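Step one of this worksheet: look at the structure below.
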Amino acid sequence: MNIRNLNSNENYPMELLLLADPSRKIVEEYVKRGECFIAETENQIIGTYVLLSTRPETVELVNIAVAEEMHGRGIGKQLVLHAIQTARGKGFKTIEIGTGNSSIGQLALYQKCGFRIVGVDIEFFIRHYIEKIYENGIQCTDMIRLSQDL
């Protein structure tokens, strides 16, 4: 597997990005301001993530997605670790990430990769998304904010 920057002449892997964030409008907004990376194997894109500079010396990992047929192979972890390494290499001092209260697997993954929970944005997904989101039989209402010093 190779992880690289998406070239300026390539289309964003929108189908993958929408796996992690169901709002096309929100994805299109942040992907234009951020830096998109793709994971590929045998000329097939199997994962993606987006880094977005948010404040001086701070970057946010705003989207991480892996093709559904590739789940359970450690690709998500490789993407998160690559994002951390990339952010550190670009001179950022802090990397942040947010995920839904219902994203149990993602919460575990991010903590295994060194992130710590630093806050909760109550009713974030109710304020910013029109349709209700459910994962693991739980309504996604709150954004769990995590951070890591680089």
Where both residues lie in the chain, what percent of DSSP beta bridges are antiparallel, nearest 5? 90 percent
For segment 1-68, what's the radius of gyration and Dmax over Cα atoms, in angstrom? 11.7, 37
Can you list residues whose amide H is under 5 Å from Val120's amide H, if they're 5+ apart or on another chain and H is modeled 1.01 Å from N? Arg145
With a 1.4 Å probe and every protein chain kept in, tell me what percent of the accessible surface of segment 1-79 is carbon plus sulfur. 42 percent
For segment 37-69, which GluC sites (Glu not before Pro) are in a loop by DSSP, counting at most 14 other Cβ atoms within 10 Å? Glu42, Glu57
Using the crude model of +1 on Lys and Arg Cβ and -1 on Asp and Glu Cβ, and no other charge, please compute the dipole size for segment 15-84 relative to its Cα centre, in debye to 20. 200 debye
Please identify which residues in segment 1-29 have an amide N closer than 12 Å to a label point set 7 Å out from the Cα of Ile130, following the Cα→Cβ vector. 23-26
What pairs from Lys112/Lys132; Lys25/Lys132; Lys90/Lys112 go past 26 Å between their alpha carbons? Lys112/Lys132
For segment 61-150 (alpha-carbon point model, no solvent) the Debye-based log₁₀ I(q)/I(0) at q = 0.13, 0.17 Å⁻¹ works out to -0.46, -0.77
For the chain, accessible area per residue (1.4 Å probe, heavy atoms of protein chains only), Å²: 57 Å²
Distance from the Cα centre of segment 78-113 to that of segment 118-150, in angstrom? 15 Å
Of the options Leu146, Ile45, Leu17, report the single residue whose Cα projects farthest towards the positive end of the charge dipole of the chain (beta-carbon charges: Lys, Arg +1; Asp, Glu -1). Leu146
Along segment 128-142, what does the Karplus equation 6.51 cos²θ - 1.76 cosθ + 1.60 (θ = phi - 60°) give for ³J(HN,Hα), rounded to whole Hz, x for Gly and Pro? 9, 10, 6, 8, 5, 10, 10, 9, 6, x, 10, 6, 7, 10, 10
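The values are calculated or read from the model by the stated rules, or taken from the named source; none is laboratory data. Bear in mind that the values here come from a model prediction, so they are computed numbers and not experimental data. We place every Cβ from the backbone using ideal geometry, glycine too, and count neighbours over all the protein chains shown. Quick note on the areas: whole protein, heavy atoms, side chains included, nothing else; ligands and nucleic acids left out. Shrake-Rupley method; radii C 1.70, N 1.55, O 1.52, S 1.80 Å.
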